[in-house]
Amino acid sequence: MRKHLTKKRVLILAAVAAVAAIGTTAFAYFTTTGSGTGSASVGTSSAVTLHGTTVDTLYPGTSTEVDFTVDNPSAGHQYVATIHLVSVTTDAGHSGCVTSDFTMPDVTVNQDFASGNAQSVTATGTLSMANTNSSQDGCKDAPLTLNLSST
């Protein structure tokens, strides 16, 4: 018995052929290589601001811990390696204070700071007041300013 092609069978065969043709062309492509360029920019560093606060009051022959914070105005991270005491100053009312009697060894920080203010520094310093063989009365009740720098 021979099967006849009916309209329905012709439509089904046509639909199958169309799907097969579309499916075949959907996966056709050429391979190639290419190249091009892009662009980007890098910011720059900004000076950080260092703040130092002593824990205790100083007297001749004593030392106190110095705690630090860093203000980083940059949009990016910045690294502080060391904090250095550049000098100690006081107000005009204490001109007899010998500010060179105050010392602090460099503080190794080695810390990365994100953008922002009042960020705690893990390392602390030690500020000392020398005990000299002369009167240090000029430093009594003197407000000290620690002038700091960093690398």
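So here's what we get for this one:
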| quantity | calculated |
| --- | --- |
| Residue within segment 33-40 that is of a type outside the set (A, V, I, L, M, F, W, C), within 18 Å of PRO143 (Cβ to Cβ) and either loosely packed, with under 12 Cβ neighbours inside 10 Å or at pLDDT 95 or above (or both) present | no |
| Unmet criterion (only one of (1) over 16 Å from ALA47 (Cα atoms); (2) modelled with pLDDT of 95 or more) for ASN133 | (2) |
| Elements of type strands (runs of 3 or more DSSP E) in segment 80-144, at least 3 residues being touching a residue at least 24 places away in the same chain (Cβ under 8 Å), surrounded by 16 or more Cβ atoms within 10 Å (Cβ to Cβ) and on the phi < 0 side of the Ramachandran plot | 107-113, 125-129 |
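This table checks each residue for (1) surrounded by 10 or more Cβ atoms within 10 Å (Cβ to Cβ); (2) modelled with pLDDT of 95 or more; (3) outside any loop (DSSP other than H, G, I, E, B); (4) within 37 Å of the chain's Cα centre (by Cα).
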| residue | (1), (2), (3), (4) |
| --- | --- |
| ILE12 | yes, no, yes, no |
| ALA28 | no, no, no, no |
| PRO60 | yes, yes, no, no |
| PHE68 | yes, yes, yes, yes |
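The values are calculated or read from the model by the stated rules, or taken from the named source; none is laboratory data. Keep in mind that what you see is a predicted model, and the values were worked out from it rather than measured. FYI the Cβ positions are ideal-geometry reconstructions off the backbone, even for glycines, and counts take in every protein chain you see.
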